[in-house]
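Worksheet: one structure, shown below.
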Amino acid sequence: MDLFFISLGIILAGGFFPLFLKRQFLWMKAVSVFGIATGCLLGLIDAGRHLAISGNLYASFDYLSAFSLFFTIDSLAAFFLVAIFFVSFLAVIYGFHYMDKPEKAARTAVNFFFFSLLIISMALVVCAGNMITFMLAWEIMSLSSFFLVIYDHQKPENRMAGYLYFVFSHVGAMFIFSAFGLMYGFSGSFGFEGAAALPEPVKLIVFVLAFIGFGSKAGVFPFHVWLPHAHPAAPSHISAVMSGVMIKTGIYGIMRMYSVLGSHTMIFGEIVLVAGMVSGILGVVYALGQHDLKRLLAYHSVENIGIILIGLGLGMIGVAAGQPVMAVLGFAGGLLHVLNHSIFKSLLFMGAGMVIRKTGTSAIDALGGLIKNMKITGITFLIGSLAISGLPPFNGFVSEFFIYMGGFRGVALDRTAFAFSLLGIISLAVIGGLALACFSKVVGVVFQGEPRSVAAENVDEKGPAMLFPMLVLAGACILIGVYPKIFILMAVKGVASLELGYGRIPLDHFIELTGNITRAASIFFGVFLLVLALRTLLYRGKTITRSGTWGCGFTQPTVKMQYTGSSYAASILEFFKPVAPLNEDHPAIQGRFPAKTHYHSHVHDIAERYMGSIIVRPVQWVFDQLRWIQHGDIHLYIGYILLAIVVLLFFV
Amino acid sequence: MIKSIIFWLLAMLLAPFFSAVILKVKAFFGGKKGPPLLINYYTLIKLFKKGSVYSTSTTFIFKMGPMVSLCSAVTVLLFLPIAGQAPVFSFNGDVIFILYLMGLGRFFTIAAAMDTASPFEGMGAAREAYFPIICEATMFTILVLFYKLTGELSLAGYFSGSQPAELWHAAGAPLLFVIMAFFIILLTENSRVPVDDPATHLELTMIHEVMVLDHSGPDLGLIELGSFIKLFFFSTFVARLICPFDMGNPILNTAMFGVALLLVYVAAGITESVMARYRMDRVPQFVLTSFALAFFATVITLEFVK
């Protein structure tokens, strides 16, 4: 047995045994966390080994004696496994202190069980070697995460979120099924190898179907509607795993499909790039308009999936244009962003989880000043915010830098490639600026200033099992940001198994780029030390006094006067009004002594707003017309089955 | 290398002087004598001698703000070819690093402002987060154009030696748009009229000045120094483009560069003297003009450069 399956077995055991231990709440959590964490750690070691030696693992089992379950780990799968096991390892440790309600012991046990299933199924998805295996793992993944989303099922909005997620993941799966069905219809085998022989137009249809299916999992606009509902509903460490790694299996699917189809025309890159630009910009615009911390983070997943797709799209354009270096820059940048996003997004979700645990609210405008009492949470959240905004010297910058470099290679090309690369670069720049605006809002409103409500006062940040993962993730943000070499080489190796139709490309260029990033970061730190020294010198022996904030002449300031998240984002949202319609509800102020008033704003997601009227209702209408089939008479149902068998016997 | 470092130090030393030129020009237009040209040095020395008052609402981030913003300004200056000299550091892709590093400085300026819990500073912070987004789009569009023309992704590839002349040679007409766009960015990024009024007395209408209201003493001095350097940084772009010649003689080059730089500062001063600040909701349109210019320049260059 390979270490990979052993680690999955340990994870499953870690999830399974606690189901019988619910009377000993602490023991149950300990066993579960220990089992799952050990399994993840082993899996992480194994995935790292696969990446290092690039030996592929093959394993095959018979399933129902009709299909074979076939697993293979190539370097692309290994790269995703690294992200999956790393984030899951930390998330489950976080869960030890996060799941702190003994009265909900049974539910907690079930949560850990489905969590272990989710980790295993994610790992199996990226290792699946044929369609049957893939869909089996994919469905387990969707279902286990569905049960994790409805953890708090007493709240109607959580049930609604679960329902929405269920519908989306299954409609998405249906698209993937139809893509696989088309492939099977032409190649006659369940393996992926036959896909390369498909006729060119069919390849495009297969890719578009698969892109919609995988895109709905990844959260590509406009298939992201479930995401901002499901992430806030799930417990925070589950959101971290779902947003950090689970949605990345959609990205994996898109990359794998592109690879097995082996069609290197421009149109694939154009589709992916445009989808990436739209998701990226709209994702961050909607994020700016959110009032709920976890919903805001969920929209940032849409944004980051957009950035990843921009990278992949540029890579595909590079392949189509016969530019291997551009292709690898785009793909490797996108792939590294997969890892980076899984790190900083899970860090941010864990920070948000800590805030919600300790204050009891996730409303951004009710918080404030938390960093004074939550030092570690605040600082790690700040690091995560800087990283997700793509700022140096943190990891988000590295992957965006590589995607930019790919884009610049693209603008040197002819017209279509030039135009798409230009748009890609401009959207990346705009996304970067908007993300900075959004996270300066979150840090500024949630962690800085003065508490805006009683809930945010006198909080603490107890729970070492919650703090430890955040520290590790923040460290990883800085490590990758300053020494990206090994991580870029990992990503380049992952790209190698896409078989993009060229030989080995020399690594010197990439090593030079990572060396530059390291150098630039060290220069920055060097200058920072100089400035620090200067400041220390200037403050030697100076009198420091403390007093209230200068109120510009106003002597009775209250915390209610602070700028809120809504007011901070208002002018930017005004700019994006056509794509982000804003509903405001506030009665006009009247009279000399105005009465108490209120203000409420809501930014509409146009996908959510129009999906109902454009897609759901027509489909519903068609099904309504077919309702007579579903009459409830059991005899006729048996007749249907008989009829189906007869038809199949005669015509197939 | 040594020479580059000397120029870098000189640039930091002289940046406050150039900023005073703007004040002098404004005074001239107002029919006043104006402050002495060394006023900024006096201000800095005065600030450095003082102690500080910190708001009880603030945390360590408030102290980080001035340091990081100065640090990012000083670091980006290391990559800038001053007076045509080779920069201290340069690598393929350094422009991307530079633009994002300025983003880091901006993040900490905003964070320091949000730290004070002051409604006015929040207001300024929101504006500071908003307008540069458009500037970034413009900058990257110009980068695409320059990359197309030179095949380089570093400031050294655009502004050192005879490179600006090469740019003019490759695409003269579009470069006029680029200069305009750069000038608009210069005004926006450095909080000058018509985007922001550094001399106004009403906090509600400020952007940058309101964000640093609570900073005092050496901290405020560091911020001021950082903004002088930042203005110098952007002015160099414009100066090198309006005066692209390479005389072959370092002294002549430096003198010519100094004159061009003065011209840019005078132009900024004249703009401030003859224009009023735009209403806040008009500012995005003004900044978008730069993007339109840059985008147009880039697209038409596609026809010239193959």
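The values are calculated or read from the model by the stated rules, or taken from the named source; none is laboratory data. The model shown is predicted, which means the values in this text are computed figures rather than measured ones. Quick reminder, even Gly has a Cβ in these numbers, built from the backbone with ideal geometry, and neighbours come from all protein chains shown.
Here are a few things to note about the model shown:
- Number of positions in region A:288-337 that are over 21 Å from A:ALA352 (Cβ atoms) and either in a loop (DSSP other than H, G, I, E, B) or β-branched (Val, Ile, Thr) (or both): 9
- When B:ALA86, B:ALA27 are checked against the criterion of being within 26 Å of A:THR514 (Cα to Cα) and over 18 Å from the mean Cα position of the chain (by Cα), B:ALA86 stands alone in meeting it.
- Filter pass, B:LYS63 being farther than 18 Å from A:SER385 by Cα, more than 7 Å from every other protein chain (Cβ to nearest Cβ) and basic (Lys, Arg): yes
- Condition met for B:LEU99 (assigned to a helix (DSSP H, G or I), within 9 Å of another protein chain (Cβ to nearest Cβ) and closer than 28 Å to A:SER389 by Cα): yes
Each row is one residue, and each column tells you yes or no for (1) in a loop (DSSP other than H, G, I, E, B); (2) surrounded by fewer than 21 Cβ atoms within 10 Å (Cβ to Cβ).
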{"position": "B:LEU149", "(1), (2)": "no, no"}
{"position": "B:PRO164", "(1), (2)": "no, no"}
{"position": "B:HIS169", "(1), (2)": "no, yes"}
{"position": "B:PRO174", "(1), (2)": "no, no"}
{"position": "B:MET180", "(1), (2)": "no, yes"}
{"position": "B:ILE184", "(1), (2)": "no, no"}
{"position": "B:THR188", "(1), (2)": "no, no"}
{"position": "B:ARG192", "(1), (2)": "yes, no"}
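- Exactly one residue among B:THR254, B:THR301 is touching a residue at least 40 places away in the same chain (Cβ under 8 Å) and closer than 30 Å to A:ARG415 by Cβ, and that residue is B:THR301.
- B:GLU128 being more than 8 Å from every other protein chain (Cβ to nearest Cβ) and either on the phi > 0 side of the Ramachandran plot or in a helix (DSSP H, G or I) (or both): yes
- Qualifying positions in region A:391-415 - among the aromatic types (Phe, Trp, Tyr) and either more than 9 Å from chain B (Cβ to nearest Cβ) or closer than 18 Å to A:LEU339 by Cβ (or both): A:PHE394, A:PHE397, A:PHE401, A:PHE402, A:TYR404
- Unique residue being closer than 21 Å to A:SER342 by Cα, modelled with pLDDT under 95 and surrounded by fewer than 24 Cβ atoms within 10 Å (Cβ to Cβ) when the list is A:HIS224, A:HIS264, A:HIS229, A:HIS291: A:HIS229
- A:ASP46, sole failed condition from (1) over 28 Å from the mean Cα position of the chain (by Cα); (2) assigned to a helix (DSSP H, G or I); (3) crowded, with 16+ Cβ neighbours inside 10 Å: (1)
- Residue match in region A:533-549 (condition: touching a Pro at 6+ places or on another chain (Cβ under 8 Å), closer than 30 Å to A:GLN448 by Cα, of a type in the set (D, E, K, R) and part of a helix (DSSP H, G or I)): yes
- Unique match (being more than 29 Å from the chain's Cα centre (by Cα) and crowded, with 16+ Cβ neighbours inside 10 Å) among A:LEU182, A:LEU198: A:LEU198
- Of the residues B:GLU166, B:GLU136, the single one that is charged (D, E, K, R) and more than 7 Å from chain A (Cβ to nearest Cβ) is B:GLU166.
- Segments classed as helices (runs of 4 or more DSSP H), wholly inside region A:584-652, with at least 1 members that are within 30 Å of A:VAL285 (Cβ to Cβ): A:606-611, A:617-625
- Those residues of region A:552-566 which are free of Cβ contacts under 8 Å to residues at least 12 places away in the same chain and within 7 Å of chain B (Cβ to nearest Cβ), in sequence order: A:CYS552, A:MET561
- Hits in region B:83-96 (condition: touching a residue at least 12 places away in the same chain (Cβ under 8 Å) and facing chain A (nearest Cβ under 8 Å)): B:PHE91, B:ASN92, B:GLY93, B:ASP94, B:ILE96
- Given (1) more than 9 Å from chain A (Cβ to nearest Cβ); (2) part of a helix (DSSP H, G or I), number of the condition B:VAL68 does not satisfy: (1)
- Within the set B:LEU37, B:LEU80, the sole residue that is outside any helix (DSSP H, G or I), touching a residue at least 60 places away in the same chain (Cβ under 8 Å) and more than 9 Å from chain A (Cβ to nearest Cβ) turns out to be B:LEU80.
- Pairs where the first residue, in region B:271-283, is farther than 16 Å from B:LYS24 by Cβ and the second is assigned to a loop (DSSP other than H, G, I, E, B), C-beta under 6 Å, 6+ apart: B:MET275/B:VAL193; B:MET275/B:PRO194; B:ARG277/B:VAL193; B:ARG277/B:PRO194; B:ARG277/B:ASP197; B:TYR278/B:PRO194; B:VAL283/B:VAL195
- Only one of A:ARG519, A:ARG540, A:ARG535 that is facing chain B (nearest Cβ under 9 Å) and farther than 25 Å from B:ILE110 by Cβ: A:ARG519
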